[in-house]
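The values are calculated or read from the model by the stated rules, or taken from the named source; none is laboratory data. Keep in mind that this is a model prediction, so the values were computed, not measured. Reconstructed Cβ throughout: ideal geometry from the backbone, glycine too, with neighbour counts over all protein chains shown.
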Ligand SMILES: *Cc1c(COP(=O)(O)O)cnc(C)c1O
């Protein structure tokens, strides 16, 4: 049977709905910044209980637009060491300096203490990342800490479509949240991104930035250093159709994670990153830490060769401060980030995963763990 590392789920109905939408827009010629983009924005905002949404070309563009709207040029922006390159890349492209902070080992996110340690007199913004879809129980405390210093909190919610903490959705803890619809994310538009924000002013700035910094759609007066960050109508239609499945996808992913939690608790030394009370993760990733000293590459090879189970990509295998291109922003060792990046594996979670597939992953991981780490 085997289990792939990732599977993108569009059933026949969804494919037909996208085909019909694309056919219609090809007939009308409304191919960018049209009714599907608006529909996608409205439904994504409603799904997360956010007042405003702006659809853009990618998750990275969403982050960069928010940071440009806040104007972080020549100033510091705190980012966690455990995140995708794009979190720091967006800071640099927006003209800021990433200050890379360590993380809390329980949530793989910034904590109040690791954030405090990274704040400088010139901090322009802080980016909180919901790794694997898990929202830290400290999210509100982090916002409060930022508020007392007058620093905007931004969420990189690329992993966290539909995740919540005490009923509050990802993307609504900060001044703004940036989502990605890259194909492997929990819902996709092919390529694409979304900004959620509580601020009507930031929404307006984001709309200007995404369309070449034009003051309005119909004039050619460029008032900001924007770029070609629009979302096309075909992408918006794919994203809108896929979003209808989000609740069901998250339910399925959570059932898989519960099965993993129940089975892996019995394995000595393997530590799943479990949900703290009040968190409702979308389980974009199911992260577990191998015991120190276990060869991750050998572990992954063994489950692949012996069980045809492919572990999904790590989040992440190398912390930001050790990425070669970010070497100029390396200040000190970040021991927690280095440890959790070196030891993590991610078990496959699919939005249509079957119990048989889940059980095969458990069998594979348990057997290989007993042999290599037991
Ligand atoms: C995917 C991802 C991004 C970038 O999204 P794109 O749509 O690929 O630009 C940013 N941050 C994190 C944490 C991501 O996982």
> Could you count how many residues in the stretch 42-94 are in contact with a strand residue (DSSP E or B) (Cβ under 6 Å, 6 or more places away or on another chain) and either assigned to a loop (DSSP other than H, G, I, E, B) or away from the ligand (no atom under 13 Å from the Cβ) (or both)?
Replying inline: 17
> Which members of the stretch 39-54 meet the condition of being farther than 28 Å from residue 347 by Cβ and either surrounded by 14 or more Cβ atoms within 10 Å (Cβ to Cβ) or free of Cβ contacts under 8 Å to residues at least 40 places away in the same chain (or both)?
Replying inline: 39, 40, 41, 42, 43, 45, 46, 50, 52, 53, 54
> When you go through (1) under 24 Å from residue 87 (Cβ atoms); (2) free of Cβ contacts under 8 Å to residues at least 60 places away in the same chain one by one for residue 329, which number turns out not to apply?
Replying inline: (2)
> What pairs can you find where one residue is in the stretch 174-201 and outside the structural domain of residue 49 (by TED's automatic domain parsing) and closer than 23 Å to residue 352 by Cα, the other is at pLDDT 95 or above and within 11 Å of the ligand (Cβ to nearest atom), and their Cβ atoms are less than 6 Å apart, with a gap of 6+ or different chains?
Replying inline: none
> For the stretch 255-268, does any single residue satisfy the condition of being modelled with pLDDT of 95 or more and under 19 Å from the mean Cα position of the chain (by Cα)?
Replying inline: yes
> Name the residues in the stretch 11-44 that are closer than 30 Å to residue 361 by Cα and in contact with a helix residue (DSSP H, G or I) (Cβ under 7 Å, 6 or more places away or on another chain), would you?
Replying inline: 14
>> Condition check: within 22 Å of residue 82 (Cβ to Cβ), touching a helix residue (DSSP H, G or I) at 6+ places or on another chain (Cβ under 8 Å) and touching a residue at least 60 places away in the same chain (Cβ under 8 Å). Does residue 163 satisfy that?
In response: yes
> Does the stretch 21-35 include one or more residues that are buried (at least 17 other Cβ atoms within 10 Å of the Cβ), more than 20 Å from the chain's Cα centre (by Cα), in a helix (DSSP H, G or I) and not assigned by TED's automatic domain parsing to the domain that holds residue 285?
Replying inline: yes
> Got a sec? Which strands (runs of 3 or more DSSP E) wholly within the stretch 96-203 have at least 2 residues that are more than 11 Å from the ligand (Cβ to nearest atom) and within 26 Å of residue 332 (Cβ to Cβ)?
Replying inline: 97-101, 123-129, 153-156
> What about residue 209, is it within 16 Å of the ligand (Cβ to nearest atom), in contact (Cβ under 8 Å) with a residue 60 or more places away in the chain and over 18 Å from the mean Cα position of the chain (by Cα)?
Replying inline: yes
